[in-house]
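Everything below concerns the one structure shown next.
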Amino acid sequence: MYKLVLVEDEIETLENIVRNIDWETCGFTLAGKALSGQEALSKVDQVKPDLIITDIRMPYMDGFEMIKRVHEKDNSICFLIISGHDEFDYAQLALQYGVLDFIIKPVTKEIIEKSLGKAKAHLDKQYAIRNDMDTLRQQ
């Protein structure tokens with residue numbers, strides 16, 4: 001199971017996502033929730049997630065600033081973005097930060113689960129590459 005942190009400043013949206021997704025079936029453990037980018041940074045240090053799902057527009061620290069700071073600490077963590085804004089500039093920034101998927105609100109269970117499937121496939125591939133490299137080093 002991969003560890004996941006969910007970052008969303010709208011409590012109702014956060015709780016709806018938590019409640020409606022079957023995390024384990026998707027290959028993830030919900031290891032933490034955060035209501036802001038700042039709170040997410042401390043969660044990252046605590047749980048060492050493989051994936052972060054984050055909103056962009058949040059008070060104190062937006063999602064892109066949080067992604068930037070997480071990447072400075074650990075660039076192996078993957079990201080999915082959920083946003084109520086479909087502006088092209090956001091999508092361009094998401095690509096620059098290596099975000100795996102950009103989900104426009106309102107979100108549905110099916111859309112999130114599809115994105116989680118993409119993220120799991122990406123993480124599986126990265127894990128296999130690391131294992132292959134470890135095996136080569138040992139030989």
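Values in this text are rule-based calculations from the coordinates and carry no lab data. On a predicted model such as this, the values are computed, not experimentally measured, just so you know. No Cβ is skipped: glycine too gets one built from the backbone with ideal geometry, and neighbour counts run over all protein chains shown.
If I model a spin label at A128 and T108 as a point 7 Å from the Cα along the Cα→Cβ vector, what separation in nanometres do I get?
The two pseudo-label positions are separated by 3.0 nm.
Looking at the calculated P(r) for the range 74-121, what percent of the C-alpha pair distances fall above 14 Å?
51
For a quick check: with amide H placed at 1.01 Å from N, whose amide H comes under 5 Å from T54's, ignoring anything fewer than 5 positions away on the same chain?
Amide H neighbours of T54: V7, L80, I81, I82.
Counting GluC sites (Glu not before Pro) as exposed when in a DSSP loop with at most 12 other beta carbons within 10 Å, what is the longest stretch of the chain free of them?
Counting at most 12 other Cβ atoms within 10 Å as exposed, the longest clean stretch of the chain is 25-86.
Once amide H atoms are placed 1.01 Å from N in the peptide plane, what residues at a sequence separation of 5 or more from G32, or on another chain, have their amide H within under 5 Å of its amide H?
Residues meeting the criterion, in which the H sits 1.01 Å from N, are L4, L6.
If you average over every viewing direction, what projected area does the convex hull of the Cα atoms of the chain give, in nm²?
8.4
Could I get the Rg over Rh figure for the range 1-76? Both from C-alpha atoms, Rh via Kirkwood, rounded to two places.
Expressed as Rg/Rh, it is 0.95.
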